[in-house]
Amino acid sequence: MAKLIAANWKMNKTVDETVDFISGLKKSKIPKEMEIAVFPPFTSLHAASKLLEKSKISLGAQNMYFEEKGAFTGEISPLMLKELGCRYVLIGHSERRHIIAEKNKDIKKKFSLALKWELIPVLCVGETKKERKSGKTMEVIESQLKGIQASKGIVIAYEPVWAIGTGENATAKQASEMHSAIRRIISRNSIRIIYGGSVSPENSSNFLREKEIDGLLVGGASLDLKKFTYIINS
Ligand code: PGA
């Protein structure tokens, strides 16, 4: 299974900046054993999709709604993402859970609908610092995974909330332990589990060396083409 390196740009990059980055990325060296995916904001998906038409780099969206269409002002449906050539969609990113207050039950609806539309859901799970300190990590992860259909091909991103955008990454050992625990919970070996949370050019190779870690979800460091291509080649 190819390792997946995903760039989550969050609410960053205009269309022009997206075009610059992707044009540069297409010219960069990408090892054969890696799959690269970019997750631009919705407004840049169309431009990104055109640029990636004949490329091996995959496109993903950062979110979607749990209905196909209707009176849901401001929301984006999976079929719109499919039309734009998206292969992946992030579901339940911690910023959506904690800042936008998305609920587990809605996240699970999104997950199922993504599968229905043949989008590959990248389900994000992870505990807060408080939950880790009070020994609730596994309970939290279990509730985030409960009831999801662990079909072949889906991706789970383990992203401890305390590590996201903080510069305080989990160690490769901590991430590996969590990945094998997640594999046990979903009782599936054939799905990719990637790590996210303060991944940088300095620490990426530590994670990629681990057998349990099938790739990386990179936020801050993915905004800079030099840093991102360094991570891809680490
Ligand atoms: P970070 O973000 O790399 O900036 O910590 C990761 C993510 O939120 O996916």
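The values are calculated or read from the model by the stated rules, or taken from the named source; none is laboratory data. Everything quoted here is computed from the prediction, not taken from an experiment. Cβ atoms come from the backbone with ideal geometry, glycine included; neighbour counts cover every protein chain shown. We work out accessible area using only protein heavy atoms, side chains counted, and drop any ligands, DNA or RNA first. Shrake-Rupley method; radii C 1.70, N 1.55, O 1.52, S 1.80 Å.
A few remarks follow.
- Enumeration of residues in the range 86-96 that are within 16 Å of the ligand (Cβ to nearest atom) and open to solvent by 50 Å² or more (accessible area, probe 1.4 Å): E95, R96
- The range 106-145 - residue that is of a type in the set (K, R) and without any contact (Cβ under 8 Å) to a residue 12 or more places away in the chain and, of those, farthest from N169 (Cα to Cα): K136
- Candidates E83, E33, E68, E53, filtered to the one that is among the charged types (D, E, K, R), more than 16 Å from the ligand (Cβ to nearest atom) and free of Cβ contacts under 8 Å to residues at least 24 places away in the same chain: E83
- Those residues of the range 209-232 which are open to solvent by 30 Å² or more (accessible area, probe 1.4 Å), more than 10 Å from the ligand (Cβ to nearest atom) and in a helix (DSSP H, G or I), in sequence order: L225, K226, K227, Y230
- One residue alone among N203, N189 is farther than 18 Å from A37 by Cα and within 14 Å of the ligand (Cβ to nearest atom), and that residue is N203.
- Apart from one condition, M138 fits all of (1) open to solvent by less than 60 Å² (accessible area, probe 1.4 Å); (2) away from the ligand (no atom under 14 Å from the Cβ); the exception is (1).
- Criterion: open to solvent by 60 Å² or more (accessible area, probe 1.4 Å), at pLDDT 95 or above and within 16 Å of the ligand (Cβ to nearest atom) - qualifying residue of I156, I99, I107: I99
- R192 vs. criteria open to solvent by 10 Å² or more (accessible area, probe 1.4 Å) and either of a type in the set (A, V, I, L, M) or modelled with pLDDT under 95 (or both): no
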